[in-house]
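The values are calculated or read from the model by the stated rules, or taken from the named source; none is laboratory data. Remember, predicted model here, so these are calculated numbers, not experimental data. FYI the Cβ positions are ideal-geometry reconstructions off the backbone, even for glycines, and counts take in every protein chain you see.
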Amino acid sequence: MKTIFITGTSSGLGKAAVSLFHSNGWKVIATMRNVEKGKDFEGMEHVTVLPLDINETDQIKTAVTKALALGNVGVVLNNAAYGFIGPLENVTEQQLLTQVNTNLLGAIRVTQAFIPHFRENKSGLFINITSMAALLTFPFASLYHAVKFGLEGWSEGMSYELAPFGVGIKTVAPGYIKSEFGTNMVVTTGEPYKEAMEHYLGVVTSPEMMEGGSTPEDIAKVVYQAATDGKDQVHYVAGNDANNLYNRRLLVGPEIYRQETTQHFLK
C-alpha cells in the first residue's frame with residue numbers, strides 16, 4: 001500500500017486529495033495547522049492526521065519524523081498555501097514574509113526534509129501545487145506571482161538533481177478553485193490604487209469568471225494523475241480556465257497577452 005504525505009488538508013484541494021487517494025487504496029498522512037479541523041477524517045482507515053504549520057521549521061522536522069515512523073512515504077504533496085493580493089506599496093512586512101514563507105519556503109523546507117528518505121529508497125515523488133499565477137500574470141498579484149513562478153522554477157531546477165536517485169518532482173498549476181481558499185484570500189487596497197483595484201476585483205469575481213473555475217475534486221484528479229502516470233513530466237496545468245488562459249499566452253506571446261490583460265481587467 002502506497003503512502004502520501006499532504007500539507008494543508010483542512011479544506012479545499014488538500015481535503016479533496018485526502019479523500020481521493022484514500023478511496024484509491026493509499027495510506028494518507030494528512031497535515032494541517034489545526035488538527036481539530038481534521039475531524040472529517042475520523043474513522044477513515046489508513047488516514048493519519050498530524051499537526052503541521054509549514055512556517056515552523058521545528059514542526060516540519062517533527063511531522064516528517066512521525067510520518068516516516070509509520071513506514072515508507074512514496075509521495076509528498078506540498079499543497080498548503082496563503083492567498084494574498086494587493087498593490088505592493090501597501091503590503092506590510094508581515095504580509096510579505098508570510099507570502100514568501102508559506103507559498104515558497106514552506107514547500108522547499110518540507111521537500112528538503114524528505115529528500116534523504118527518498119534518496120535512500122531510490123524512489124519517491126514530490127508534487128508541488130502552484131497556480132496559473134505561476135504561468136501568467138494579473139494586476140495586483142505581483143507577490144503571489146513571485147512565489148508561484150519561483151515554485152515552478154525551483155521545482156524544474158530540482159528535477160535535475162533528484163533524477164539520478166530515482167526521485168521525481170512535479171508541479172500542478174490550477175486555475176480558480178471553488179473553495180475556502182478564494183473566500184479567505186487576504187486583499188489589501190488603498191489610494192491611489194483603490195479605484196483600479198475595485199474594477200479588477202469586480203471582473204475577477206463576476207459570475208462569468210467564477211463559472212470557469214474548478215472544484216477541488218476536479219483538481220485532485222489531476223494531482224492523482226501526476227502521482228500515478230509514471231511520466232517524466234514536471235509541469236501539469238489543471239482546470240479549463242488555466243489551460244485556456246495559458247494557451248492564449250503561448251499563442252499570442254507574453255507582450256500581447258499583457259496588453260489584453262490590461263484591457264480586460266483595468267479598463
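Can you tell me which residue is farthest from Thr262 (Cα to Cα) among those in the stretch 183-210 that are among the β-branched types (Val, Ile, Thr), assigned to a loop (DSSP other than H, G, I, E, B) and touching a residue at least 24 places away in the same chain (Cβ under 8 Å)?
My answer is Thr188.
Looking at Ser123 and the list (1) in contact with a helix residue (DSSP H, G or I) (Cβ under 8 Å, 6 or more places away or on another chain); (2) within 20 Å of Val223 (Cα to Cα), which single condition is not satisfied?
Only one criterion in (1) in contact with a helix residue (DSSP H, G or I) (Cβ under 8 Å, 6 or more places away or on another chain); (2) within 20 Å of Val223 (Cα to Cα) is unmet by Ser123, namely (1).
Consider the stretch 211-239. How many of its residues are surrounded by 13 or more Cβ atoms within 10 Å (Cβ to Cβ) and either touching a Lys or Arg at 6+ places or on another chain (Cβ under 6 Å) or in a helix (DSSP H, G or I) (or both)? Steps first, please.
Within the stretch 211-239, the subset surrounded by 13 or more Cβ atoms within 10 Å (Cβ to Cβ) is 212-228, 234-239.
Adding the requirement that they be either touching a Lys or Arg at 6+ places or on another chain (Cβ under 6 Å) or in a helix (DSSP H, G or I) (or both) leaves 213, 215-228, 234.
Residues meeting the conditions: 16.
Yes or no: Val47 under 20 Å from the mean Cα position of the chain (by Cα) and either within 20 Å of Ala238 (Cβ to Cβ) or surrounded by 16 or more Cβ atoms within 10 Å (Cβ to Cβ) (or both)?
On the way: under 20 Å from the mean Cα position of the chain (by Cα): no; either within 20 Å of Ala238 (Cβ to Cβ) or surrounded by 16 or more Cβ atoms within 10 Å (Cβ to Cβ) (or both): yes.
Against the criterion (under 20 Å from the mean Cα position of the chain (by Cα) and either within 20 Å of Ala238 (Cβ to Cβ) or surrounded by 16 or more Cβ atoms within 10 Å (Cβ to Cβ) (or both)), Val47 does not qualify.
Please go through the stretch 58-75 and pick out each residue that is in a helix (DSSP H, G or I) and buried (at least 16 other Cβ atoms within 10 Å of the Cβ). Let's see the steps before the verdict.
Residues of the stretch 58-75 in a helix (DSSP H, G or I): 58-69.
Within the stretch 58-75, Gln59, Ile60, Ala63, Val64, Ala67, Leu68 meet the criteria.
Out of the residues in the stretch 21-40 that are at pLDDT 95 or above and assigned to a helix (DSSP H, G or I), state the one that is surrounded by the fewest Cβ atoms within 10 Å (Cβ to Cβ).
Selected residue: Ser23.
Which of (1) within 17 Å of the chain's Cα centre (by Cα); (2) part of a strand (DSSP E or B) is the odd one out, the single condition Val18 does not satisfy?
(2)
Taking into account only those residues within the stretch 249-265 that are surrounded by 14 or more Cβ atoms within 10 Å (Cβ to Cβ) and touching a Phe, Trp or Tyr at 6+ places or on another chain (Cβ under 9 Å), which is farthest from Trp154 (Cα to Cα)?
Phe265
In the list Gly166, Gly202, Gly190, which residue meets the criterion of being of a type in the set (Gly, Ala, Ser), out of contact with any Leu (no Cβ under 6 Å at 6 or more places or on another chain) and over 20 Å from Gly83 (Cβ atoms)?
Going through Gly166, Gly202, Gly190 in turn, just one is of a type in the set (Gly, Ala, Ser), out of contact with any Leu (no Cβ under 6 Å at 6 or more places or on another chain) and over 20 Å from Gly83 (Cβ atoms): Gly166.
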